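All of the numbers you see were taken from the coordinates with simple rules; none came from a lab. Quick caveat, the model's predicted, so the values are computed rather than measured. Here the Cβ positions follow ideal geometry from the backbone for every residue, glycine too, while neighbour counts run over all protein chains shown.
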Amino acid sequence: MPVDLDNAQPLAWDSATLDPDTREMLDNLQPNILRAHVREHLSALFIRFNDASDGRRFLREVAATSMKSARRHLEEVREFARSGRSGTPYVGIGVSKAGYRDLGHSVEELRLFGDRVFRDGMKRRVGEVHDPAVTEWEAAYQREIHVVVLIGDAEAAPVARLREQILGMLPDSARVLGEETGRGMRNPAGDGIEHFGYVDGRSQPLFLADEVEREPRKRWNPAFPLANVLVADPFAPSADRHFGSYFVFRKLEQNVRAFKEIERELADALGLTGADRDRAGAMLVGRFKDGTPVTAKAKAGGGAVANDFTFDADDGARCPFSGHIRKTNPRFEGIRHVLMARRGQTYGERTDQPWDESPPETRPSAGVGLLFMAFNSSLENQFEFTQRDWADNADFLNPATGHDPVIGQGERDIKVTFPRVWGRPEQSLPQAQVSQTVTMLGGEYFFMPSLAYLRTL
Ligand code: HEM
């Protein structure tokens, strides 16, 4: 039975009755797509080949020596839950359009990729998503990147070892154009956070039955069909069993000092005092720092980070329409196909504690940020749609509600209002939108092929 990507039932991957095609799909799929792989320590290597057969040999060798399948990853996670035994590191490979061409695939063959945005590459899409001009990107990203190799683990040492090993396999004809080092950050509750200090990575489309079953799901259904992230790998032997995923990588620098100043100014402008001051930032992000959704509660706190909520009963008096999580997932039925699997990681060293109440002046204004990464079945209809039609669109859902204050790009020329009191209709005086504090420094679109493809290279 060919794998049905549209099946609304989450995948019971360890069921004894799993059909052989689905099993083969999982045996040939890269990990980290259907379920996040631990990657507290992450190295991302950006490589350019200059010889097709050398490039093919390198990818084949990395796949044979260092990559595990999605099914192996899931088994390791199960084993860890049972016995505490740690799994093996994650190695992922993404190939850009230019990379496929350099590996010897013809222009006709490349048309087999249904996503035209992937076929264009990120550099040709800057106008669409209001990115800075390519000449302003960091030098490595201005070059033609063929492949990204991701190496991740809970500990630093296995990543360092594997990185050396993989670099050792690199042919003389290839070049490492650039490298990013990701480093997870956690708050005192142990939740992963991003540099502005907010819990991140909580809301995800879930594809596996064991993950879905653990979630409260009265209001928001976290279960998604595989079609949100998987497409047939056009160059693998079987279109029914060998799948891949489009992967977006963006280096997003965060000006933490400016964001913290904005939180303070907004709290002042709204006359918020005491613990209520935290609501200023919560209205920008849509969640308080500890992850509490501002549509559900006026104050932070109250246990595990909630994800079982919608905005149905909120006309903007609790969570503004512009709030980052409302922009990027408005949580109504017709938009579920837009959601991607986010797998980002923070980068940059800090000496301060991102979650505490230290004044903005002590915060970094550059050198730290998010390596935004996400798996898509359509870059055009998921990542780009989210960025352009939602985050960068001041009229999204309701006219003149403003850009996404976290990731919005493009002219912020209208004025906006915020609710003065949580849940009440009184709005603040119109004020300029908050300025942009996240800057895209470069990136690329990749396809994460099936292992079946990499093995046959
Ligand atoms: C959720 C921060 C970039 C899409 C979140 C959350 C935070 C956050 C704190 C809440 C945690 C959660 O619900 O999981 C940031 C920061 C960014 C950034 C600081 C840049 C430096 C992006 C980009 C996109 C994006 C570029 C897509 C274009 C999303 C989505 C969610 C989310 C889809 C989940 C919304 C939901 O399902 O409720 N982000 N984000 N983020 N973000 Fe971002």
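Here the calculated FRET efficiency for Arg455 and Ile414, from their Cβ-Cβ distance with R0 = 45 Å, stands at 0.30, rounded to the nearest 0.05.
The stretch 236-301 and the stretch 16-77 have Cα centres separated by 30 Å. Karplus-based coupling profile of the stretch 143-157, in residue order and whole Hz: 6, 8, 8, 9, 9, 10, 10, 9, 10, x, 6, 6, 10, 6, 4, with θ = phi - 60° in 6.51 cos²θ - 1.76 cosθ + 1.60 and x standing for Gly or Pro. Near the amide H of Leu177, within less than 5 Å, lie the amide hydrogens of Phe46, Ile47, Arg48, all on another chain or at least 5 residues away, with H placed in the peptide plane. Averaging the Cα positions of each part gives two centres, and for the stretch 160-224 and the stretch 108-154 these lie 20 Å apart. Listed from fewest to most Cβ neighbours within 10 Å, the set Phe235, Phe247 follows the order Phe235, Phe247.
What does the charge dipole of the stretch 229-326 about its Cα centre add up to, to the nearest 20 debye, if the Cβ of each Lys and Arg holds +1 and the Cβ of each Asp and Glu holds -1? Write out the running numbers ahead of the final one.
Values: 14 positive and 14 negative charges, 55 e Å.
Computed charge dipole of the stretch 229-326: roughly 260 debye.
Between the residues Pro171, Gln142, Gly127, the greatest Cα displacement towards the positive end of the dipole of the stretch 104-194, with unit charges on the Cβ of Lys, Arg, Asp and Glu, is found for Pro171.
Sequence-ordered 3J(HN,Hα) estimates for the stretch 86-92 from the Karplus curve with 6.51, -1.76 and 1.60 and θ = phi - 60° stand at 5, x, 8, x, 8, 10, x Hz, glycine and proline given as x. Placing +1 on the Cβ of every Lys and Arg and -1 on the Cβ of every Asp and Glu, with nothing else charged, gives the stretch 346-421 a dipole about its Cα centre of roughly 160 debye. Would the stretch 101-203 count as rounded, prolate or oblate if I go by the C-alpha gyration tensor, calling it rounded below 1.5 in a/c and otherwise prolate when a/b exceeds b/c, oblate otherwise? It comes out oblate by the Cα gyration axes. The gain in end-to-end length when the Ser106 to Asp312 segment is fully stretched comes to 69.3 nm, 0.36 nm per residue minus the alpha carbon separation.
Take the Cβ atoms of Arg186 and Asp14, set R0 to 35 Å, and the FRET efficiency comes out at 0.75. Taking a straight Cα-Cα cut-off under 29 Å and skipping sequence neighbours fewer than 8 places away in the same chain, the lysines within cross-link reach of Lys289 are Lys218, Lys251, Lys260, Lys297, Lys299, Lys327, Lys415.
Quick one: which residues, 5 or more positions from Phe243 or on another chain, have an amide H under 5 Å from its amide H? H modelled 1.01 Å from N in the peptide plane, none for Pro or chain starts. Placed amide hydrogens put Asp233 under 5 Å from Phe243. Once the Cα-Cα distance is subtracted from the 0.36 nm per residue extended length, the Arg202 to Asp356 segment shows a gain of 53.4 nm. Put in line by how crowded their Cβ is, counting other Cβ atoms within 10 Å and starting with the fewest, His73, His41, His337 read His337, His41, His73. Exposure proxy ranking for Ser377, Ser358, Ser322, Ser238, based on other Cβ atoms within 10 angstrom of each Cβ and starting from the fewest, stands as Ser358, Ser238, Ser377, Ser322. Under 5 Å from the amide H of Met185 lie the amide H atoms of Ile193, Thr346, each residue being 5 or more positions distant or on a separate chain, with H modelled from the backbone and absent for Pro and chain starts. Length available on full extension from Asp268 to Asp27: 0.36 nm per residue minus the Cα-Cα distance, which gives 81.3 nm. Along the stretch 360-373 the Karplus relation, 6.51 cos²θ - 1.76 cosθ + 1.60 evaluated at θ = phi - 60°, assigns HN-Hα couplings of x, 4, 8, 9, x, 9, 7, x, 10, x, 10, 8, 6, 9 Hz to successive residues, with x for each Gly and Pro.
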